[in-house]
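Peer 1: Got a structure for you, written out below as structure tokens; questions coming shortly.
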């Protein structure tokens with residue numbers, strides 16, 4: 001059973017992991033927070049964390065000035081979900097993203113990420129957020 005302080009700690013880890021990745025400190029993010037024997041579900045990479053890490057390093061090279069604006073963070077037992085706006089290039093609306101992390105022993109052991117590009121001319125007057 002995960003207690004409230006563990007859930008709060010897991011939320012902080014998830015947020016710090018994403019902030020480090022966005023800032024280009026990907027090696028540090030993985031060293032500090034990821035159990036490399038875990039798995040992820042990004043359909044563009046093989047299931048090992050090493051493959052996703054390599055993709056994140058390549059993405060940072062392509063988009064070195066990307067930013068993240070966190071909108072919501074939810075925690076339940078061993079799961080944390082972070083809902084955010086990731087802006088790849090200045091002046092663009094970015095992507096509405098949800099990252100879901102599963103934790104064991106204070107480390108990320110499984111991860112899902114879902115993204116939806118935000119159209120410039122959306123018919124939704126409320127926008128993505």
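Results for (1) within 18 Å of residue 70 (Cβ to Cβ); (2) within 9 Å of the chain's Cα centre (by Cα); (3) surrounded by 14 or more Cβ atoms within 10 Å (Cβ to Cβ), shown as yes or no for each residue.
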{"position": "86", "(1), (2), (3)": "yes, no, yes"}
{"position": "93", "(1), (2), (3)": "yes, no, yes"}
{"position": "98", "(1), (2), (3)": "yes, yes, yes"}
{"position": "115", "(1), (2), (3)": "yes, no, yes"}
{"position": "124", "(1), (2), (3)": "no, no, no"}
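Peer 1: Sort out which residues of segment 1-33 are at pLDDT 95 or above, over 15 Å from residue 82 (Cβ atoms) and not in a loop (DSSP other than H, G, I, E, B), and write them in order of number.
Peer 2: Across segment 1-33, the qualifying residues are 23, 26, 27, 28, 30, 31, 32.
Peer 1: Between residues in segment 10-21 that are without any contact (Cβ under 8 Å) to a residue 24 or more places away in the chain and at negative phi and residues that are surrounded by fewer than 17 Cβ atoms within 10 Å (Cβ to Cβ) and assigned to a helix (DSSP H, G or I), which pairs lie under 6 Å by C-beta distance while being six or more apart or on different chains?
Peer 2: Every condition considered, the pairs that remain are 20/28.
Peer 1: Could you pull out the residue among 74, 126, 57 that is over 13 Å from residue 18 (Cβ atoms) and in a loop (DSSP other than H, G, I, E, B)?
Peer 2: 126
Peer 1: Here's something else I'd like to know. Going by the conditions given, is residue 26 surrounded by 16 or more Cβ atoms within 10 Å (Cβ to Cβ) and either in contact (Cβ under 8 Å) with a residue 60 or more places away in the chain or under 30 Å from residue 3 (Cβ atoms) (or both)?
Peer 2: Here the answer is no, as residue 26 does not meet what is asked.
Peer 1: What's the total number of residues in segment 101-113 that are more than 26 Å from residue 64 (Cβ to Cβ) and touching a strand residue (DSSP E or B) at 6+ places or on another chain (Cβ under 6 Å)?
Peer 2: Total satisfying the criteria: 4.
Peer 1: Follow-up question, since we're still on this one. Looking only at segment 33-73, which residues are closer than 26 Å to residue 127 by Cα and touching a helix residue (DSSP H, G or I) at 6+ places or on another chain (Cβ under 8 Å)?
Peer 2: Listed by number, the residues that qualify are 42, 66, 67, 68, 70, 73.
The values are calculated or read from the model by the stated rules, or taken from the named source; none is laboratory data. Source: prediction; values computed, not measured. Cβ coordinates were reconstructed from backbone atoms using ideal geometry, including for glycine residues, and neighbour counts include every protein chain displayed.
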